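The values are calculated or read from the model by the stated rules, or taken from the named source; none is laboratory data. It should be emphasised that the depicted structure is a prediction, and the values quoted were computed from it without experimental measurement. Reconstructed Cβ throughout: ideal geometry from the backbone, glycine too, with neighbour counts over all protein chains shown.
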Amino acid sequence: MTAFAEIALLLVMATGIGLVGIVLRQPLIVSFIAVGLVAGPSALDIVHSDEQISLLSELGIAVLLFLVGIKLDVKLIRSLGVVSVMTGLGQVLFTAFFGYLIGLALGLGHVTSLYVAVALTFSSTIIIVKLLSDKREIDALHGQIALGFLIVQDLFVVFAMIVLSAIGIGSGAEGGHGQGSVLTVMMAGLAMVAAVVLFVRYLANPLTERLARAPELLVIFALALAAMFAAIGDLVGLGKEVGGLLAGVALASTSYRETIAARLAPLRDFLLLFFFIALGATLDLSLLGNHVTGAIVFSLFVLVGNPLIVLAIMGAMGYSKRTGLLAGLTVAQISEFSLIFIAMGVSLGHVADEALGLVTMVGLVTIAASTYMITYSHQLYALFEPYLGVFERRTMTREPSDAGAHRSDSFKVIIFGLGRFGTAIGMRLHKRGIRVLGVDFNPQAVQRWRELGIEAEFGDATDPEFVAELPLRGASWAVSTVPIHPTGLSHEDTRRTLIQLTRAGGFKGRIAVTSHSSEDTGNLVGSGADMVLEPFQDAADRAVELLCGAAAEERTQIPEIAAEGRATA
């Protein structure tokens, strides 16, 4: 079989297995790993074009780290305060320390235990951001905090890879990223960082603005920068991974970073397929079987331990148990960096292939399980809420403390969800002199409303205790414009939950909710909604009314103008 035919077959397999993954609501990384395992020597054994697949794999890693780098915004950590740094570092130290002890208890040896423990500290930024975005929770308080400590983790990834490369070169290990001393590597790293700083300061913005006139050229430039930095990093001993990430950081401050990231994301997914195929081709499934016990122990440690330590740290800092758990569930998995990190250790001769098999198995379990944990995070909170009081202070000093400040006030309308649609409704009601109270779980949205002169409170519309304390009894309308996203296989969603909670809280007024389909509208009416707002349909109806009114007015004006013309003549 030719290399081209082999890659074509692998792409067909990836499509089929990826379709199964979509049905099971799994991220692509799980399907990619499955393709590698199936195509590897322990199953079909169809991977033989090692050089071609390895080249695509290395380019994929460079693009992956480039896209992580282009998203790195250190200002985000500053804007979220100390919680991002404290939570990020706390989770890394906790996972590394206890992971090392667990490794020793399982008889892995000091070096292997250290490698595995460090690998377990990395969480998948890509998977977390994707899932939070799908749930419309990326702007919620727990979503912002999660982004903050993911950046801390990403910075730790860079540090760990630099240390690993330096140790490999210092020990003269075969398969290192270059030749030279640890000092040489560190100096080269500082030189690359300095080059990035100068590029950002003087070239990044004017160059990308010029290249943006031809979008295709801008994408090619981004790829060239990623490949060039990766090659330089590999040459000086830092590794392709660190070089690719620094290339991304070089463009992170430009106004075109989102465009570049969006255009390169499909290419990243395509190239990463070959990384996991190459990984699967080196794995022996019998080795995975030898570490079932260790994989189960480490998987449980990541799935349970990581969320609990984040919950404990955030609780100690004054955040609510709900915010702490929702943020903690996002780190209940290891990432693609974990596999890259262990693979680097194997190439340096520090650990055996069995360690790679162990971490791969942990990755398969935790990534698959955490996907469901994040998807059903609100149900998990409802299930464990009675047992989480130990993680919460009596006074929540870090979250908005003015909840309840308006309890004695009388509001005619309470709007849940302060996005564009909710804000438009609130502003128009406010201009008509109608008292409105806005509710949202995004602190920035609450602040924007207050700047507009409309009263707002921070809170979660699915929290029974919070909803019960709202001034519902005097209100005439409760309006939900919360983004629509199912929270379970039974198609329960925030709108239905809000209907139930407001009625349980003694609300006697009318309830309006948003919908985007006629079928959904019928279901919501059946669930107790008094009015269903369909933003697109309602806007279209209003547009038709305006157009027909303008047309009718024009028809009445034309004869008058004609008659006037005849009279003038």
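Working only within region 100-116, note down all residues that are closer than 29 Å to Ile145 by Cβ, surrounded by fewer than 22 Cβ atoms within 10 Å (Cβ to Cβ) and either outside the structural domain of His350 (by TED's automatic domain parsing) or not hydroxyl-bearing (Ser, Thr, Tyr) (or both).
Residues satisfying the conditions are Leu101, Ile102, Leu114.
Consider only pairs whose beta carbons are under 8 Å apart and that are at least six residues apart or on different chains; among these, list those whose first residue lies in region 533-545 and is more than 19 Å from Arg510 (Cα to Cα) and whose second residue is at pLDDT below 85 and surrounded by 10 or more Cβ atoms within 10 Å (Cβ to Cβ).
Qualifying pairs under 8 Å: Phe536/His516.
Would you say Leu93 is outside any helix (DSSP H, G or I), out of contact with any Lys or Arg (no Cβ under 6 Å at 6 or more places or on another chain), modelled with pLDDT of 80 or more and surrounded by fewer than 14 Cβ atoms within 10 Å (Cβ to Cβ)?
no
Need at least 1 residues that are within 20 Å of Ala512 (Cβ to Cβ), among the β-branched types (Val, Ile, Thr) and touching a strand residue (DSSP E or B) at 6+ places or on another chain (Cβ under 8 Å) per element, so show me which strands (runs of 3 or more DSSP E) inside region 429-483 make the cut, counting only ones lying wholly within it.
Where strands (runs of 3 or more DSSP E) fall fully within region 429-483 and carry at least 1 residues being within 20 Å of Ala512 (Cβ to Cβ), among the β-branched types (Val, Ile, Thr) and touching a strand residue (DSSP E or B) at 6+ places or on another chain (Cβ under 8 Å), they are 436-440, 477-480.
Among (1) crowded, with 18+ Cβ neighbours inside 10 Å; (2) under 25 Å from the mean Cα position of the chain (by Cα); (3) touching a residue at least 40 places away in the same chain (Cβ under 8 Å), which single condition is Leu356 missing?
Every listed condition holds for Leu356 apart from (2).
In region 37-63, which residues are small (Gly, Ala, Ser) and at pLDDT 80 or above?
Ala39, Ser54, Ser57, Gly60, Ala62
Among the listed residues Arg496, Arg555, Arg473, identify the single one that is among the charged types (D, E, K, R), surrounded by 18 or more Cβ atoms within 10 Å (Cβ to Cβ) and either under 30 Å from Leu131 (Cα atoms) or modelled with pLDDT under 80 (or both).
From the options Arg496, Arg555, Arg473, the qualifying one is Arg496.
Restricting to region 520-546, name every residue that is assigned to a helix (DSSP H, G or I), within 18 Å of Ile499 (Cα to Cα) and within 31 Å of the chain's Cα centre (by Cα).
Asp520, Thr521, Asn523, Leu524
Residues are listed down the side, and each one gets a yes or a no for (1) under 30 Å from Met317 (Cβ atoms); (2) at pLDDT 90 or above:
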| residue | (1), (2) |
| --- | --- |
| Arg398 | yes, no |
| Ser401 | yes, no |
| Leu418 | yes, no |
| Gly426 | no, yes |
| Gly438 | yes, yes |
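Testing Lys75 on (1) at pLDDT below 85; (2) in contact with a helix residue (DSSP H, G or I) (Cβ under 6 Å, 6 or more places away or on another chain), one condition comes back false. Which one is that?
If we test Lys75 against (1) at pLDDT below 85; (2) in contact with a helix residue (DSSP H, G or I) (Cβ under 6 Å, 6 or more places away or on another chain), just (2) comes out false.
Having 1 or more residues that are on the phi > 0 side of the Ramachandran plot and either hydroxyl-bearing (Ser, Thr, Tyr) or modelled with pLDDT of 85 or more (or both) is the bar; report the helices (runs of 4 or more DSSP H) wholly within region 184-277 that clear it.
Because the criterion is at least 1 residues that are on the phi > 0 side of the Ramachandran plot and either hydroxyl-bearing (Ser, Thr, Tyr) or modelled with pLDDT of 85 or more (or both), no helices (runs of 4 or more DSSP H) in region 184-277 meet it.
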